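*Asks:* Input: one structure, supplied below.
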Amino acid sequence: MNGVLARYLRRRVATQVLALVLVLTALMQLLELLDVTGEVLDRNLGMSGLMRYALLRTPSEVVVALPLAVLLGSMSAFYAMARNHEIVAMRCAGMSLKRLVLLLLPVPLALAAAQFVLSDRLVPHAEEALKAWWDQTAPPEDAPDPRWVQTRDGPASFDRASPDGRKLTGLRIYERGADGLFAARITAEQAQWHDGAWNLSGVEDWAVDKTKMQRQHETLRRWEINLRPDDVMRLDLMQPHLSSSMLSGVLSGDRVGAQPIGFYQTMFYRTFTTPLTAFIMLLLAVPTAQMMARSGGGGGSLLIALGLGLAYLLCDGIMAAMGTSGRIPALASVAGAPVTFTLIALVQLQLCDRT
């Protein structure tokens, strides 16, 4: 009996959540396409360009829509079952709300796994593909601003990059010595990525010591550094979406980053804490199961669940912004909202079970 009931409950909640994911994603797609349609058509990309843009943006939008869809879907399913006296029947049969939540745990577990795969695997690649395609179809700039990056050897800048990030022009490298002071300035007309390193052409090297400067010309030079083509492609993004392996590489120094170290620490921790949102949203939606059909009420329970869910998303976003900007420690920024609202949800669940 419990197996049949568990499958029924999971199907009810999962169906509502997935339907809302589709609706919210479609709504975000519509609003974003209304904003970019003019630019896409100006680039003569046509309807195929619009479809390609929408396809590459879909993973990011699903990740954004999923937490709210879990909240609204759980609320909707609980509310409908309460209106139809199904919750009352379960309670009369001796099932507590805690037991109900335990039976539903596979649903948020599956959603959390899906969110992790989307966020950690699909979104970075989709974002990279969109950036390469968008840059490739962009009209050429007359005088582009140089882009800067902090490498293992010191800061570097370049004027232009190919859409795939494998070719740089107007490269300037400022090397530091063992004492951390400026030691050399290297310029190259072009840099081409090949076999895990950059092949520099038209190289001019100015070496500096305590007494003099030495100038040296080279036709070719191999530059082995922690700057990679996919790093180049993400330099223009204010908050690039990186996978956990990329973030780990930046933190260990194997990859470059254009953001403060706190940004990468916070995003690395959030890779593993963000999927927990599905569990928290399910717990916060529990009050809607307490609605009494005979009283015609339930609005208060819906408002409580909705208010707590939106408050969680707001607080989590604020804490994340403070963590990425370095205002608070990364661990505090990622743990603050989940821990606080999980405790609120558990207290709420306990109170609901007593009524």
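*Asks:* Evaluate E = 1/(1 + (r/R0)^6) for Asp195 and Leu33, where r is the Cβ-Cβ distance and R0 equals 30 Å; express this FRET efficiency to the nearest 0.05.
*Replies:* Using R0 = 30 Å, I get an efficiency of 0.15.
*Asks:* Sticking with the crude label model, points 7 Å out along Cα→Cβ, report the distance from Ser325 to Arg7 in nm, one decimal please.
*Replies:* 5.2
*Asks:* Taking DSSP loops as anything outside H, G, I, E and B, show the longest stretch in the chain free of trypsin sites (Lys or Arg not before Pro) there with at most 14 other beta carbons within 10 Å.
*Replies:* 213-326
*Asks:* Which residue, His217, Gly249, Ala320, has the largest displacement toward the positive end of the dipole of the chain when charges sit on each Cβ (Lys, Arg +1; Asp, Glu -1)?
*Replies:* The residue sitting farthest along the positive end of the dipole is Ala320.
*Asks:* Separate question: Can you give the extra length, in nm with one decimal, that the chain gains between Ala80 and Arg354 once fully stretched, where that is 0.36 nm per residue apart less the Cα-Cα distance?
*Replies:* 96.5 nm
*Asks:* Give me the net charge for the shell around His217: Cβ to Cβ below 9 angstrom, other residues only, Lys and Arg +1, Asp and Glu -1.
*Replies:* That sum, taken over residues with Cβ under 9 Å, equals -2.
*Asks:* Over the Cα atoms of the chain, compute the convex hull volume and normalise it per residue, giving Å³.
*Replies:* Measuring per residue, one finds 165 Å³ for the Cα hull of the chain.
*Asks:* How much net charge surrounds Leu100 when only the other residues with a Cβ under 12 Å from the Cβ of Leu100 are counted, with Lys and Arg +1 and Asp and Glu -1?
*Replies:* Here the count lands on +3.
*Asks:* I need the fraction of alpha carbon pairs in the range 1-158 separated by more than 23 Å, rounded to a whole percent.
*Replies:* Counting every Cα pair in the range 1-158, those more than 23 Å apart make up 57 percent.
*Asks:* Turning to a different aspect of this structure: Hey, if you put +1 on the Cβ of every Lys and Arg and -1 on every Asp and Glu Cβ in the chain, which of Gly3, Ala184, Thr15 ends up farthest toward the positive end of that dipole?
*Replies:* Value computed over the given set: Gly3.
*Asks:* Cβ under 13 Å from Arg176's Cβ, Arg176 left aside: what net charge do those residues give with Lys, Arg +1 and Asp, Glu -1?
*Replies:* Charge balance in the 13 Å sphere: -1.
*Asks:* Go through Ala54, Pro67, Trp134 and say which Cα lies farthest out towards the positive end of the charge dipole of the range 48-149; charges sit on Cβ, +1 for Lys and Arg, -1 for Asp and Glu.
*Replies:* With unit charges placed on the Cβ atoms, the residue in question is Pro67.
*Asks:* Further question: Compute the separation of the alpha-carbon centres of the range 142-189 and the range 315-355 and state it in Å as a whole number.
*Replies:* Distance between centres, Cα-based: 41 Å.
*Asks:* While we're on this one: Taking the chain as a Gaussian network, Cα atoms linked when under 10 Å apart, which of Gln16, Gln115, Gln136 shows the biggest mean-square fluctuation?
*Replies:* Gln136
*Asks:* Grab the Cα-Cα distance for Ala19 and Val339, subtract it from 0.36 nm times how many residues apart they are, and report the gain in nm with one decimal.
*Replies:* Extra length from Ala19 to Val339 when fully extended: 112.4 nm.
*Asks:* For the chain, with only Lys/Arg (+1) and Asp/Glu (-1) charged at the beta-carbon, what is the dipole magnitude about the Cα centre, in debye rounded to 20?
*Replies:* Computed charge dipole of the chain: roughly 1640 debye.
*Asks:* Given charges of +1 on the Cβ of Lys and Arg and -1 on the Cβ of Asp and Glu, with all other atoms neutral, how large is the dipole of the range 153-225 about its Cα centre, in debye to the nearest 20?
*Replies:* Roughly 160 debye for the range 153-225.
*Asks:* With +1 on the Cβ of every Lys and Arg and -1 on the Cβ of every Asp and Glu, and nothing else charged, how large is the dipole of the range 1-139 about its Cα centre, in debye rounded to the nearest 20?
*Replies:* Using Cβ point charges on Lys, Arg, Asp and Glu, the range 1-139 gives about 1040 debye.
*Asks:* Something else now. Report relative contact order for the range 153-225 in percent, whole number only (criteria: Cα-Cα under 8 Å, sequence separation at least 6).
*Replies:* 22 percent.
*Asks:* Most mobile of Leu313, Leu20, Leu343 per a Gaussian network model of the chain (Cα springs, under 10 Å)?
*Replies:* Highest fluctuation of the listed residues: Leu343.
*Asks:* Over the range 169-264, consider all pairs of different Cα atoms and compute the Kirkwood hydrodynamic radius from their mean reciprocal separation; express it in Å, one decimal.
*Replies:* Averaging 1/r across every pair of different Cα atoms and inverting gives 15.1 Å.
*Asks:* Right, here's the next one. What shape does the range 153-225 take by its C-alpha gyration tensor, where a ≥ b ≥ c are the square roots of the eigenvalues and a/c under 1.5 counts as rounded, a/b above b/c as prolate, and the rest as oblate?
*Replies:* It comes out prolate by the Cα gyration axes.
*Asks:* Three principal axis extents, largest first, for the C-alpha atoms of the range 94-180, in Å?
*Replies:* 73, 43, 18
Values in this text are rule-based calculations from the coordinates and carry no lab data. None of these values were measured; they are calculated from a predicted model. With ideal geometry, Cβ positions are generated from the backbone for all residues, glycine too; neighbour counts draw on all protein chains shown.
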